[in-house]
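J.: Let me begin by handing over the structure; questions about it come next.
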Amino acid sequence: MKTKLFEPYKINGITLKNRIVMSPMCMYSSTEEKGFVEDFHLTHYISRAVGQVGLIMVEATAVTPQGRISAQDLGIWSDEHVPKLKQLVDGMKKYGSATAIQLAHAGRKATVDGDIYAPSALSFNEKSKLPKAMSKEEIKATIHAFKEGAQRAKKAGFDIIELHGAHGYLINEFLSPLSNKREDEYGGSKENRYRFLYEIIEAVKEVWDGPLFVRVSASDYHQDGLNIDDYVEYALKMKEQGIDLIDVSSGAVVPAKINVFPGYQVRFAEKIKEQAAIATGAVGMITNGLQAEEILQNERADLIFIARELLRDPYFPRTAAAQLGEEIQAPKQYDRGW
Ligand SMILES: Cc1cc2nc3c(=O)[nH]c(=O)nc-3n(C[C@H](O)[C@H](O)[C@H](O)COP(=O)(O)O)c2cc1C
């Protein structure tokens, strides 16, 4: 059988051997608190390349030290981070995976020592730290940090960059009216709240001409927050700026109760794909080859992002192929047991 899941996918000059993407997952395993790739990361990511994942996206990687969720996050704020990231990229590529990195700033969700930053001085919940409202200089410096992060990602040899605009981290905090109460040109109207992301994309594009993805939270799950229709509008803006794919997640801007079920976010990827006519990635409780194939066959999304199932099963592509009656090539060392 010829399935869509195992059909190669071309995006802006990069070919993925199948449509399975390892979704970014923070491993909080940089033990020196300096953001470096360590042995664990090499083993963890390269195992998924051996497992034949089409595109491996390295976890949220901080563009500034204060933009880390925790002190154990990976970082890309200095040139010193590049050699180990390059070693990781080379290792993944050896087994035929395309490689991506998610560039991130945690904003008010940072838990590191010292000041933390956000569009407005509002904490996420009563337990979290109060952030400082960013000055315009701090905004410009952060945009520049994303640009430098992209430049370093290029030096490390990544094929694709994703900007983390979801889950209530800094970019998302600017987009949502629930966390952005600014009265300057970075807040207020929908257009103004988009300005921070707009300027990051423009800055990154000065140094990066490969595929550029953005992860969004397509619903704030709050009556005064953003919903999928707002994100169709934002997706159109991103498309205009040359974004290649929107990776569609949801929630986590403010504490909210979310009704979670298999494939619960696919409808958001589907709506953005249909109404903004841009490629999308579906993510969230997709755990089976048949489920993934349904999404692709019905053109509800273009790529399938898998997170926790790839923690349970590093060879998920092999499992999914078996579920679909498809044969995929093993790495040559494993031919006899595949
Ligand atoms: C351990 C862990 C770490 C995560 N870290 C990130 C991250 O760095 N960036 C991100 O955008 N999402 C992150 N996520 C969310 C996943 O990428 C994914 O969207 C979510 O787990 C739903 O997909 P799943 O049902 O396949 O696990 C993380 C999830 C887990 C379980």
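The values are calculated or read from the model by the stated rules, or taken from the named source; none is laboratory data. For clarity, every value in this text was computed on a predicted model and none was experimentally measured. Methodologically, a virtual Cβ is constructed for each residue, glycine included, from the backbone with ideal geometry; neighbour enumeration extends over all protein chains shown. Note: areas computed on protein heavy atoms with side chains; ligands, DNA, RNA excluded. Shrake-Rupley method; radii C 1.70, N 1.55, O 1.52, S 1.80 Å.
J.: Look through D247, D220 and report the one residue that is among the charged types (D, E, K, R), crowded, with 23+ Cβ neighbours inside 10 Å, touching a strand residue (DSSP E or B) at 6+ places or on another chain (Cβ under 9 Å) and closer than 27 Å to S123 by Cα.
T.: D247
Each row is one residue, and each column tells you yes or no for (1) of a type in the set (V, I, T); (2) touching a strand residue (DSSP E or B) at 6+ places or on another chain (Cβ under 7 Å); (3) farther than 25 Å from Q72 by Cα; (4) part of a strand (DSSP E or B).
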| position | (1), (2), (3), (4) |
| --- | --- |
| L122 | no, no, no, no |
| A150 | no, yes, no, no |
| E173 | no, yes, no, no |
| I200 | yes, yes, no, no |
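J.: Does at least one position in region 204-218 carry a residue that is away from the ligand (no atom under 13 Å from the Cβ) and within 21 Å of M134 (Cα to Cα)?
T.: Taking every residue of region 204-218 in turn, at least one turns out to be away from the ligand (no atom under 13 Å from the Cβ) and within 21 Å of M134 (Cα to Cα).
J.: Could you tell me whether region 86-96 includes any residue that is of a type in the set (S, T, N, Q), out of contact with any His (no Cβ under 7 Å at 6 or more places or on another chain), more than 16 Å from the ligand (Cβ to nearest atom) and modelled with pLDDT of 95 or more?
T.: Within region 86-96, one or more residues are of a type in the set (S, T, N, Q), out of contact with any His (no Cβ under 7 Å at 6 or more places or on another chain), more than 16 Å from the ligand (Cβ to nearest atom) and modelled with pLDDT of 95 or more.
J.: May I ask you to say which residue of L236, L178, L226, L245 is closer than 30 Å to S78 by Cα and hydrophobic (A, V, I, L, M, F, W, C)?
T.: L245
J.: If G91 satisfies every condition in (1) surrounded by 23 or more Cβ atoms within 10 Å (Cβ to Cβ); (2) part of a helix (DSSP H, G or I) but one, which is the exception?
T.: (1)
J.: Can I ask one more? Would you be able to tell me the number of residues in region 267-322 that are under 21 Å from the mean Cα position of the chain (by Cα), more than 12 Å from the ligand (Cβ to nearest atom), of a type in the set (G, A, S) and open to solvent by 10 Å² or more (accessible area, probe 1.4 Å)?
T.: Adding up the residues that qualify gives 2.
J.: In addition: Name the pairs: first residue in region 293-316 and among the aromatic types (F, W, Y), second residue part of a helix (DSSP H, G or I) and within 14 Å of the ligand (Cβ to nearest atom), Cβ to Cβ under 9 Å, at least 6 apart or on different chains?
T.: Taking only residues 6 or more apart or on different chains, the pairs are Y315/R48; F316/R48; F316/G289; F316/E309; F316/L310.
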